[in-house]
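Asker: A single structure is presented below for examination.
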Amino acid sequence: MKKRVIVGLSGGVDSSVAAYLLKEQGYEVIGLFMKNWHDDSVTISDECPWLDDSNDAMLVAEKLGIPFQTVDLSEQYKERIVDYMFNEYEKGRTPNPDVLCNREIKFDVFMKIALDLGADYVATGHYCRKGTLTENGKETYQLLSGKDNNKDQSYFLCQLSQDQLAKALFPIGELQKPEVRAIAAEADLITADKKDSQGLCFIGKVRLPEFLQQQLKPKQGDIIEIPKAFGAYNEDKKDFDSKEEELEYLARKIKYTATDGDVVGTHQGAHYFTKGQRKGLSVGGKVEPLFVIDTDVETNIIYTGQGKNHPGLYKRALFVSNDELHWVREDLQLQTGETLEVLARIRYRQALEKATLYKVDSGLYVEFENNQSAITEGQFVAWYLEDELVGSGVIS
């Protein structure tokens, strides 16, 4: 019996080639397109991306001679991704919809549909690899970075569980992007030269500010510039009674108030802005550009600093609370008091940085060797041992 694989065909080149390779490897392949969105009022005018994408996905399936259907997951997507996003933005945190979409939609809702259709595996066009370790007859799955360093997408899958990995396949993980395009061209797939999508996960080209404005009403507030000489940046290094006390200090959030700097402009809503952001502030006449160093959604104030080396942008440590801590490799989970040297990143495409994990009663500290710019609450930190992603968590 051939093993049955259901491929999430997105209408892009990566998932098209994933389906092609699986068919070549002798699997029984079925293509499924996920429709995650109905509201065209926030997609960029004159483009109906999901229609174009589902059409391209259908033509690829036709070319490969595999069955194809569309599944409408927009209800679950709204509930699990969109509502969560708005909720996070309202709290002044910056969520990562792509990480959530993989955990909640592609490898949960979509995977359940696939398994109901008799699938042995679900495959996607992600640039990452899966390894398997066997000990005493028990299999443990590894999430490994993609061979193409430039395209590695392991970070987006940092919340997957062992159960989800067990059923997952990543057929293009060993390939470089140019090889993927060459295979698509050779197989005469319509997606061979199609540009990579830049929209929210599977919604297509959505403008985030307009998208947010639908739910979060614009509200004018002040932009305040904090000087580099602000007191909290120049506190004397304290003597700490314990490592945990030091970590708590390094990971602390500096509290700003309206009197700590000068009003330099206005904005239309603090929840539209995120730490490290430079665009959209529209404040001129400065020696160096302004960057967002903090937002306060309660008072609707954006705090900014001049230049990308402003001390308000940098921290060396962050904290993840227990309820937002996730181990892909449950067998490597740290117990209270334990530490682990890792490589970590706090955003997609960031180079991996040396760090140490410290497990404490209430959660986990990640202390970096070097200061990190714009550590942002609500985003994910992921940690690796060499090229294996072993765990992740939401920055609190």
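The values are calculated or read from the model by the stated rules, or taken from the named source; none is laboratory data. What you are looking at is a predicted structure, and each value in this text was computed from that prediction instead of being measured. Glycine gets a Cβ as well: all are built from the backbone with ideal geometry, and neighbour counts include every protein chain shown.
Asker: State the number of residues belonging to region 229-271 that are assigned to a helix (DSSP H, G or I), under 19 Å from residue 315 (Cβ atoms) and not basic (Lys, Arg).
Answerer: Result for region 229-271: 12.
Here is a yes/no grid of residues against (1) closer than 30 Å to residue 361 by Cα; (2) touching a helix residue (DSSP H, G or I) at 6+ places or on another chain (Cβ under 8 Å); (3) not hydroxyl-bearing (Ser, Thr, Tyr):
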{"site": "231", "(1), (2), (3)": "no, no, yes"}
{"site": "244", "(1), (2), (3)": "yes, no, yes"}
{"site": "259", "(1), (2), (3)": "no, no, no"}
{"site": "270", "(1), (2), (3)": "no, no, yes"}
{"site": "276", "(1), (2), (3)": "no, yes, yes"}
{"site": "285", "(1), (2), (3)": "no, no, yes"}
{"site": "290", "(1), (2), (3)": "no, no, yes"}
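Asker: Any idea which residue in region 12-33 is surrounded by the most Cβ atoms within 10 Å (Cβ to Cβ), counting only those that are small (Gly, Ala, Ser) and in contact with a Leu (Cβ under 9 Å, 6 or more places away or on another chain)?
Answerer: This residue is 16.
Asker: Restricted to region 119-138, and to residues that are more than 27 Å from the chain's Cα centre (by Cα) and assigned to a strand (DSSP E or B), which residue is nearest to residue 180 (Cα to Cα)?
Answerer: Result: 134.
Asker: Is there a residue in region 173-181 that is touching a Phe, Trp or Tyr at 6+ places or on another chain (Cβ under 7 Å) and modelled with pLDDT of 95 or more?
Answerer: Among the residues of region 173-181, at least one is touching a Phe, Trp or Tyr at 6+ places or on another chain (Cβ under 7 Å) and modelled with pLDDT of 95 or more, which makes the answer yes.
Asker: How many residues does region 355-396 hold that are out of contact with any helix residue (DSSP H, G or I) (no Cβ under 9 Å at 6 or more places or on another chain), over 27 Å from residue 304 (Cβ atoms) and surrounded by 19 or more Cβ atoms within 10 Å (Cβ to Cβ)?
Answerer: Residues flagged as out of contact with any helix residue (DSSP H, G or I) (no Cβ under 9 Å at 6 or more places or on another chain), over 27 Å from residue 304 (Cβ atoms) and surrounded by 19 or more Cβ atoms within 10 Å (Cβ to Cβ) within region 355-396 amount to 3.
Asker: Just for region 364-392: of the residues that are among the hydrophobic types (A, V, I, L, M, F, W, C) and assigned to a loop (DSSP other than H, G, I, E, B), which one is nearest to residue 133 (Cα to Cα)?
Answerer: The selected residue is 375.
Asker: Residues of region 368-396 being touching a Leu at 6+ places or on another chain (Cβ under 6 Å) and of a type in the set (Ser, Thr, Tyr), which ones?
Answerer: 373, 384
Asker: Based on what the data block shows, is residue 205 under 28 Å from the mean Cα position of the chain (by Cα), closer than 28 Å to residue 80 by Cβ, of a type in the set (Lys, Arg) and at pLDDT below 90?
Answerer: The answer is yes for residue 205.
Asker: A further question follows. Examine region 100-117 for a residue that is among the hydrophobic types (A, V, I, L, M, F, W, C), without any contact (Cβ under 8 Å) to a residue 60 or more places away in the chain, assigned to a helix (DSSP H, G or I) and touching a Leu at 6+ places or on another chain (Cβ under 9 Å), and state whether such a residue exists.
Answerer: Within region 100-117, one or more residues are among the hydrophobic types (A, V, I, L, M, F, W, C), without any contact (Cβ under 8 Å) to a residue 60 or more places away in the chain, assigned to a helix (DSSP H, G or I) and touching a Leu at 6+ places or on another chain (Cβ under 9 Å).
Asker: On to the next question. Does residue 253 satisfy the criteria of being closer than 21 Å to residue 370 by Cβ, at pLDDT below 95 and loosely packed, with under 13 Cβ neighbours inside 10 Å?
Answerer: yes
Asker: From the list 34, 58, 1, pick out the single residue that is assigned to a loop (DSSP other than H, G, I, E, B) and either more than 16 Å from residue 194 (Cβ to Cβ) or at pLDDT 95 or above (or both).
Answerer: 1
Asker: Name the residues in region 162-196 that are touching a strand residue (DSSP E or B) at 6+ places or on another chain (Cβ under 8 Å) and either acidic (Asp, Glu) or surrounded by fewer than 17 Cβ atoms within 10 Å (Cβ to Cβ) (or both), would you?
Answerer: 162, 166, 174
Asker: Does region 106-113 include one or more residues that are hydrophobic (A, V, I, L, M, F, W, C), in contact with a helix residue (DSSP H, G or I) (Cβ under 7 Å, 6 or more places away or on another chain) and over 19 Å from residue 19 (Cα atoms)?
Answerer: Yes, region 106-113 has at least one match.
Asker: Still on this structure, please answer the following. Can you name the residue in region 67-89 that is part of a helix (DSSP H, G or I) and more than 19 Å from the chain's Cα centre (by Cα) and is also surrounded by the fewest Cβ atoms within 10 Å (Cβ to Cβ) among such residues?
Answerer: Top of the filtered list is 75.
Asker: Could you tell me whether any residue of region 338-353 is β-branched (Val, Ile, Thr) and surrounded by fewer than 18 Cβ atoms within 10 Å (Cβ to Cβ)?
Answerer: Yes, the conditions are met somewhere in region 338-353.
Asker: How many of the residues in region 300-322 are assigned to a helix (DSSP H, G or I) and either on the phi > 0 side of the Ramachandran plot or buried (at least 16 other Cβ atoms within 10 Å of the Cβ) (or both)?
Answerer: Of the residues in region 300-322, 3 are assigned to a helix (DSSP H, G or I) and either on the phi > 0 side of the Ramachandran plot or buried (at least 16 other Cβ atoms within 10 Å of the Cβ) (or both).
Asker: On the basis of being within 30 Å of the chain's Cα centre (by Cα) and under 22 Å from residue 357 (Cβ atoms), does residue 225 make the cut?
Answerer: no
Asker: Could you tell me how many of the residues in region 323-337 are surrounded by 13 or more Cβ atoms within 10 Å (Cβ to Cβ) and either over 14 Å from residue 393 (Cα atoms) or within 20 Å of the chain's Cα centre (by Cα) (or both)?
Answerer: Qualifying residue count, region 323-337: 7.
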